[in-house]
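To start, the structure itself, in structure tokens.
The values are calculated or read from the model by the stated rules, or taken from the named source; none is laboratory data. Everything numeric here is computed off the predicted structure, so don't read it as measured data. Neighbour counts run over all protein chains shown; Cβ positions are idealised from the backbone, glycine included.
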Amino acid sequence: MEATQLEETQIQESFSMPKIGDKAPEFTAITTQGEINFPSDYKGEWSILFSHPADFTPVCTSEFMTFAHLEEKFKKANCNLIGLSIDGLYSHIAWLRTIKEKIKFNGMENIEVKFPLIEDISMNVAKKYGMIQPGESKTQAVRAVFFVDPEGIVRALIYYPLSLGRNFDELYRALIAMQTSDKFNVATPADWNPGDDVIVSPAGSCGVASERMTAEELECEDWFFCTKKLDKDLVLNDILKK
Ligand code: BEZ
């Protein structure tokens, strides 16, 4: 194979990424909390597997502090956090110690990151999850977020460039919305949050379409666009651990 062809193939490999509905690619990795086997260690629970470009960088630091601050909130929603960058274990440990000892951000300080941070110098995991996007950087992972469900299936993925810190309210909203869809067999409209009306699945026959228009519990704009109330407490009591 010629050099350029080889390079092209390597770039294609870096781009291979799981799609929504795929089984999450398996891996064993060293982390700041010991070895993990993903996704098998997390069976029965949701996971957010996310990458960041590098340790000791400011946007990443702000993100880690925010995620660590919210970890309990995600845990209550049956969701584990797992971070990754193409750095070594000792760099990770030193960075997390510095964050705890020195960094203040958005009213947070003395923040201890207790969730695992994967060392991925080999880029083994980053390549499996398409976290390296050569147009952005050939050596650093972009800010990728994979939502993996209790069966180990990829349910959503969000990618951000290096310069853009993530919105953690949106990550939490997406997690709760997907769990709500699963539990109540509904879809969630734009900007949905618990307590807002939800969307009932589209009518699959003319008979159902007519029934929809007169059903008391539904509010229909038209036969294909029907919503219903879903009580906030019902959603949260069902999803959040006590
Ligand atoms: C940061 O986390 O601050 C950062 C990392 C890589 C590129 C740009 C910003």
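Among the residues of segment 191-211, are any modelled with pLDDT under 95 and either under 13 Å from the mean Cα position of the chain (by Cα) or aromatic (Phe, Trp, Tyr) (or both)? No, because not a single residue in segment 191-211 is modelled with pLDDT under 95 and either under 13 Å from the mean Cα position of the chain (by Cα) or aromatic (Phe, Trp, Tyr) (or both).
Quick test for you: out of 30, 93, 36, pick the one residue that is surrounded by fewer than 20 Cβ atoms within 10 Å (Cβ to Cβ), hydrophobic (A, V, I, L, M, F, W, C) and part of a helix (DSSP H, G or I). Quick ask: steps written out before the conclusion?
Working: 30 fails: part of a helix (DSSP H, G or I); 36 fails: part of a helix (DSSP H, G or I).
The conditions single out 93.
Residue by residue, here is whether (1) in a loop (DSSP other than H, G, I, E, B); (2) within 16 Å of the ligand (Cβ to nearest atom) holds:
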position	(1), (2)
118	no, no
126	no, yes
156	no, no
176	no, no
193	yes, no
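In segment 71-85, the condition of being in a strand (DSSP E or B), among the hydroxyl-bearing types (Ser, Thr, Tyr) and within 16 Å of the ligand (Cβ to nearest atom) is met by at least one residue. Annotation note: Cβ proximity below 6 Å between a residue of segment 155-169 that is in contact (Cβ under 8 Å) with a residue 60 or more places away in the chain and under 15 Å from residue 65 (Cα atoms) and a residue that is within 16 Å of the ligand (Cβ to nearest atom) and of a type in the set (S, T, N, Q) (sequence gap 6+ or interchain) occurs for 165/62; 168/66. When you scan segment 198-208, do you find a residue that is part of a loop (DSSP other than H, G, I, E, B) and in contact with a helix residue (DSSP H, G or I) (Cβ under 6 Å, 6 or more places away or on another chain), even just one? Yes. Within segment 136-154, the residues that satisfy the criterion of being within 11 Å of the ligand (Cβ to nearest atom) and surrounded by 15 or more Cβ atoms within 10 Å (Cβ to Cβ) are 136, 137, 140, 141, 142, 143. Selection within segment 44-70: residues that are in contact with a Cys (Cβ under 8 Å, 6 or more places away or on another chain) and part of a strand (DSSP E or B). The member of this set that is nearest to the ligand (Cβ to nearest atom) is 48.
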